[in-house]
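Asker: Pasting in a structure now, in structure tokens, and then I'll have a few things to ask.
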Amino acid sequence: MAGSTSFGRDFLRLCQDNNGVDLHKLLQTTLGKQPADADLEATHDDAVAKSVGLAWSAGVTSEGLEASLQALRQWARRYLDRNDKVRWMLAPMLWLAARPRQIAVELDGKDSARYRGKVVEELRVLFTKLHQDRARREGALVMCCELLRLYRSLGQASQCSFILTTVGNVAREETFDPNRLPKSLLVTLYFLWGKHLVLEGKIVEAPRKSSGSPSGGWFDSQLPGYEGAIVVQAVLMNTCCLCMSKERSEASETVYFSNQLSSSCIWLKNAAFV
């Protein structure tokens with residue numbers, strides 16, 4: 001998409017159309033290659049597009065990490081400040097929140113936690129800001145997913161419990177409706193939540209958490225004729241085996257889980273596992 005026209009112009013157009021799904025796809029095109037001059041045209045007309053363009057040009061460097069964090073901050077601020085519809089902004093936010101983590105993991109390698117620690121600090125600030133605004137707590141769920149990944153990566157699993165307790169309180173609110181969330185966000189959140197419980201040795205609680213959570217009804221609605229909780233339990237038990245493998249990468253986790261869902265007849269159209 002970006003190569004044939006202009007990333008900057010497409011970014012502006014999709015924002016004007018409130019088209020979060022295609023904007024997520026557009027952001028995905030910034031991976032794996034350097035931008036052409038045409039891609040960066042019009043990025044100066046939008047602060048977020050400009051920051052994404054800078055991160056794209058800088059690649060996996062400290063400058064690229066800072067630019068990607070700046071893009072996330074700007075998008076979160078825009079999400080907080082808008083008075084009209086904002087749910088479409090969640091799909092791009094998933095990508096914008098994941099990209100700094102991905103860069104930090106590459107920069108840190110196996111012997112450092114410097115850059116991942118920096119991303120954690122930024123995500124904690126954004127999580128707090130979004131959670132404090134009752135009308136924007138869905139955005140806090142995006143930050144929660146990335147914090148769960150990073151805490152586990154840093155060996156700080158104890159920090160996950162606090163985040164999940166906060167999210168659990170949100171999930172019990174009457175205004176919380178999982179059916180209105182992007183499927184990619186909902187499934188990613190409950191997968192990471194279940195994975196945390198499995199790794200903490202709470203294997204029985206994991207499927208119970210999923211079936212007792214608001215997502216239970218979502219799984220039921222997506223699986224006519226099946227018990228959503230049973231499917232979740234099967235996935236989580238497979239996750240238990242998955243977590244016992246020390247050499248499985250994040251990417252292979254995603255593929256593995258995606259395959260498990262597919263085998264359970266779940267079709268996640270436009271899912272954005274990042």
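The values are calculated or read from the model by the stated rules, or taken from the named source; none is laboratory data. The shown structure was predicted, so the numbers you read here are calculated from the model rather than taken from an experiment. Quick reminder, even Gly has a Cβ in these numbers, built from the backbone with ideal geometry, and neighbours come from all protein chains shown.
Asker: Can you give me the number of residues within the range 103-129 that are closer than 25 Å to Gly53 by Cα and in contact (Cβ under 8 Å) with a residue 24 or more places away in the chain?
Answerer: 15
Asker: Right, next: Test Tyr79 against the criterion of being in the same structural domain as Asp37 (by TED's automatic domain parsing), touching a Leu at 6+ places or on another chain (Cβ under 6 Å), of a type in the set (Ser, Thr, Tyr) and surrounded by 18 or more Cβ atoms within 10 Å (Cβ to Cβ), and give yes or no.
Answerer: no
Asker: Looking at the range 118-160, which of its residues are of a type in the set (Gly, Ala, Ser) and more than 20 Å from Gln74 (Cα to Cα)?
Answerer: Across the range 118-160, the qualifying residues are Ser153, Gly155, Ala157, Ser158.
Asker: I'm trying to understand the selection: among the residues of the range 13-41, which are surrounded by fewer than 20 Cβ atoms within 10 Å (Cβ to Cβ) and either free of Cβ contacts under 8 Å to residues at least 12 places away in the same chain or in contact with a Leu (Cβ under 6 Å, 6 or more places away or on another chain) (or both)?
Answerer: Arg13, Gln16, Asp17, Asp22, Leu31, Gly32, Lys33, Asp37
Asker: Just one of the numbered conditions (1) over 25 Å from Val60 (Cα atoms); (2) modelled with pLDDT under 80 is not true of Thr188; which one?
Answerer: That leaves (1) as the condition not met.
Asker: From the list Asp22, Asp37, which one is within 19 Å of the chain's Cα centre (by Cα), over 30 Å from Tyr151 (Cβ atoms) and of a type in the set (Asp, Glu)?
Answerer: Among Asp22, Asp37, only Asp22 is within 19 Å of the chain's Cα centre (by Cα), over 30 Å from Tyr151 (Cβ atoms) and of a type in the set (Asp, Glu).
Asker: Go through the range 92-147 and count every residue that is closer than 17 Å to Gly59 by Cβ and outside any helix (DSSP H, G or I).
Answerer: Of the residues in the range 92-147, 1 are closer than 17 Å to Gly59 by Cβ and outside any helix (DSSP H, G or I).
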